[in-house]
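J.: Next up is a structure, given as structure tokens.
What follows draws every value from the coordinates through simple rules; no lab data is involved. In this text the structure is predicted, and so the values were computed from the model without any measurement. Positions of Cβ are backbone-derived with ideal geometry, glycine not excepted, and every protein chain shown enters the neighbour counts.
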Amino acid sequence: MTTTCKSMAMIGMVMAMPLMMSCGQNRSAASASLSSASDKDIPPATRYEDHIWANGVPPPGGALSNPQANSARSPKDGEALFDSMNCDGCHGSGGSGGTGPNLADGRWRYGGRDDEIFNSIFYGRPKGMPAFGGLVGPGGVWLLIDYLKSLPQPDSVPTLSYVAPTGVEGRPGQGGTTGASTQ
């Protein structure tokens, strides 16, 4: 290796050193920030009753419960958050549907229990639903759930539900064709 090549290699290493050192510092800061978050701010892993457990043994998990349930103010605050976060940009005014699914018709692709809706909003879903948990936090997600649960269900729903009554021809699991729900 010539002296010029050695000098160039040394200059490159010297220039890269601060970058490598700052990367380590950023990781340390991120780790410290994550470890300083209190356990109450991080929702537990959820066990779903619908899941099949290997050998009948459920994995460790917690139960999510809405700390604001039955609050008279919560649906109003949730509506304000729904509007301010521009949820209606995808889900339509009053959650009536648009590019995103209708949130007022009582039919849910990933489950309509509070804990299931929480996971959809907090962690997001494939094919378009962003994870809002990092932005609005668990408290904001519960407000949104209270608002969605307060919406009146429409009299007429133009699409079929993903959840099929048993023994109905043309429904999922019954060998017929299925209609796609908006959720």
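J.: Quote the charge dipole size of segment 75-150 about the Cα centre in Debye, to the nearest 20; the model charges only the Cβ of Lys and Arg (+1) and of Asp and Glu (-1).
T.: 300
J.: Subtract the Cα-Cα distance of Q153 and I52 from 0.36 nm times their separation in residues, and report this length gain in nm to one decimal.
T.: That pair, Q153 and I52, stretches by 33.2 nm at full extension.
J.: Separate question: Could you please report the charge total around T99, scoring K, R as +1 and D, E as -1 over all other residues with beta-carbon less than 13 angstrom from its beta-carbon?
T.: Net charge around T99: 0.
J.: Take peptides 60-72, 144-156 and line them up by average Cβ neighbours within 10 Å, highest first, as a rough protection proxy.
T.: 144-156, 60-72
J.: Moving on to the next point. Taking a ≥ b ≥ c as the square roots of the eigenvalues of the Cα gyration tensor of segment 75-150, is the shape rounded (a/c under 1.5), prolate (a/b larger than b/c) or oblate?
T.: Taking the square roots of the gyration eigenvalues as a ≥ b ≥ c, segment 75-150 is rounded.
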